[in-house]
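So the structure is just underneath, and the comments pick up after that.
Please treat every number below as a calculation from the coordinates, not as lab data. As the structure is a computational prediction, the values presented were derived from the model and not from experiment. No Cβ is skipped: glycine too gets one built from the backbone with ideal geometry, and neighbour counts run over all protein chains shown.
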């Protein structure tokens, strides 16, 4: 199975144990998912599609992508652009971000529509997020959604994490409208209930699942922090309990790693309930490490 993740990967400055010390790495929601996928779905080809600059740090990012076992051959180079930067601040394991991304080459990832379409055509499962949509200019965003819609019509599987980040959008109405447009062209939607309740005013995870189902998604899996995961699929619906994590170090990429396990289970033909249980275990392990990309060795019960 060939999996394509589309979005923005940025330079990451993550805090270390020594006060004032930071580690330079690379991360971004859709790349994080690709990174974990390459580890837990080794029988699948995992590719990443983004815009890269023509400078030294873009070359470092490309090296990071390939070192992760992720195919970079579909990435597009955007002259006179570079890699966006973000800094993580932590308080009691919860993260907040400061961003510098105005010249990010990823913002132009859909400007070369033929390159985007070639990448999509070469893969079976396409994954993107609300951040993917948020960073694009309006015309490129419309072209991107049209390309994904065409891919779904040609029997490719489309997976989407709404990943609501209001600071990336001009206004909340635009954000909510575009997020629902992204969901409408997707088979699998992977929302987080806290964000959905804040912005769509959903009263329960079931309400979130029903709203995205009504938009056209066949499978919706609602992440809910430490609460039960609620899911609905063409076969059934239900909840999966999340084992408590007593020592949360850094919640960065909890949802991204969860998504990777869901997609790995999908391509591996696992029952959805089993995939969700694995996703909960993986994300629970990830939040006990620092940074977005935590090198976790999964045991047989977690693959």
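Quick notes
- Gyration tensor verdict on region 161-294 (Cα atoms; rounded if a/c is under 1.5, prolate if a/b is larger than b/c, oblate otherwise): oblate
- Computed over region 2-302: relative contact order in percent, which uses C-alpha pairs under 8 Å that are six or more apart: 16
- For Cα extents along the principal axes in Å, calculated from these coordinates, the label among (1) 79, 46, 37; (2) 49, 49, 41; (3) 70, 35, 29: (2)
- GNM flexibility winner over the chain from 74, 99, 48 (Cα, springs under 10 Å): 99
- Seen through its C-alpha gyration tensor, with square-root eigenvalues sorted a ≥ b ≥ c, region 104-222 comes out oblate because a/c lies at 1.5 or above while a/b is not bigger than b/c.
- Ranked 9, 75, criterion: other C-beta atoms within 10 Å, fewest first: 75, 9
- Exposure proxy ranking, count of Cβ atoms within 10 Å, fewest first, for 278, 239: 239, 278
- Over region 131-217, relative contact order from alpha-carbon pairs under 8 Å, at least 6 apart, %: 30
- Sites residue 73 and residue 124, calculated FRET efficiency, Cβ-Cβ separation with R0 22 Å, nearest 0.05: 0.85
- Note on the chain: with a GNM built from Cα contacts shorter than 10 Å, the maximum mean-square fluctuation among 207, 150, 21 falls on 21.
- Look at where the Cα atoms of region 207-248 and of region 147-162 average out, and the two centres are 20 Å apart.
- Within the listed set 165, 141, 39, the residue fluctuating most in the Gaussian network model of the chain (springs between alpha-carbon atoms under 10 angstrom) is 165.
- Put a dot 7 Å past the Cα of residue 172, heading toward its Cβ, do the same for residue 138, and the two dots end up 2.1 nm apart.
- Structure-based [θ]222 nm, the chain - -39500 (n - 2.57) summed over DSSP H runs of at least 4, per residue, nearest 500: -11500 deg cm²/dmol
- Sorted by Cβ neighbour density within 10 Å, fewest at the top, the residues 44, 129, 59: 59, 44, 129
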